Amino acid sequence: MASPRLFSTCHQPPFLPPSPQRFVKSPAKRRPIRSALQFNRKPQLAGETPRIVVITSGKGGVGKTTTTANVGLSLARYGFSVVAIDADIGLRNLDLLLGLENRVNYTVVEVLNGDCRLDQALVRDKRWSNFELLCISKPRSKLPIGFGGKALEWLVEALKSRPEGSPDFIIIDCPAGIDAGFITAITPANEAVLVTTPDITALRDADRVIGLLECDGIRDIKMVVNRVRTDMIRGEDMMSVLDVQEMLGLSLLGVIPEDSEVIRSTNRGFPLVLNKPPTLAGLAFEQAAWRLVEQDSMKAVVVEEEPKKRGFFSFFGG
């Protein structure tokens, strides 16, 4: 019996360059497959700009910062202007994953103290000039006592009214936990991306975070399931993506397979989506970014491996 295939119900694959070599056979002549070429376009931005998206999880170590870096750069590669805010006050890491740690000279603390302008605290990526990073504080620095959700809302309003124009996306990398840092990070957001892994501890924390987001008025919540291993799902040692979706009841933005290249890219400060050739995880992040732009979602499809077996496992879409 043929091995099970990978299925997808998502209607928006990633933005790919034209491939004139793709043809179908025809009795009369060769014709390009239109379905393979119709997605060679910039994704259509849905919703009002700027889109203010907080990326959160509750549990630490599930891949929030990795998701922020890769989705943010994917949005920039699609042609949208992006400002990524590292809202982790004490343990910031987004600058490391982006390879910008040596260029962060000023932070929001200096802006609030009047020591620099907002444009001086924004770090523009050299690879994609429409992507900018903004850190709230430096490691071991002391924040003003009054810093909180209101200060972050002021910061977002300042980004909206910049002379060079408002960004299309403001992405906030939320710290782990549900304490004051979490409350501060979600205050200005109007939509959220919840990152989780298919293990019970991450899911319990994710369920708690969903309730807090909804209490704060954020109803547009989508989910990214990270570090998925189909071999463990097949052996019933890991929950399937469909099980995770049924437990949390969220729309699925993307599924990221386990990939050893994540560690290499983190240590190099070179996000996965910039790799050539691309990795599976990098492609999955690009697809998640595409769905975020068009406010689309995907579905996990359950496929029976063999008729004689009673077990099922889910595959994820591309």
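Where a number appears in this text, it was derived from the coordinates with a stated rule and is not lab data. This structure is a prediction, so every number in the text was calculated from the model and none was measured. Here the Cβ is made from the backbone with ideal geometry for all residues, glycine too, and neighbour counts use every protein chain on show.
Points to keep in mind about this one:
- Met232 versus Asp216: modelled label distance in nm, points set 7 Å from Cα along the beta carbon direction: 2.8
- Principal axis box of segment 178-229, alpha-carbon based, largest edge first, Å: 34, 20, 15
- Selection of GluC sites (Glu not before Pro), segment 142-245, meeting DSSP coil and at most 15 other Cβ within 10 Å: Glu164, Glu236
- The simple spin-label model puts a point 7 Å past each Cα toward its Cβ; for Leu118 and Glu101 those points are separated by 2.9 nm.
- Span from the segment 169-196 Cα centroid across to the segment 229-288 one, whole angstrom: 21
- 3J(HN,Hα) from dihedral phi, segment 273-280, Karplus parametrisation 6.51/-1.76/1.60, rounded to Hz, x for glycine, proline: 5, 9, 5, 10, x, x, 8, 4
- For the residue pairs Lys150/Lys222; Lys59/Lys150; Lys276/Lys299; Lys59/Lys138; Lys138/Lys276; Lys42/Lys138, the alpha carbons lie more than 30 Å apart in Lys138/Lys276; Lys42/Lys138.
- Based on C-alpha pairs under 8 angstrom that are at least 6 apart in sequence, segment 47-97 has a relative contact order of 32 percent.
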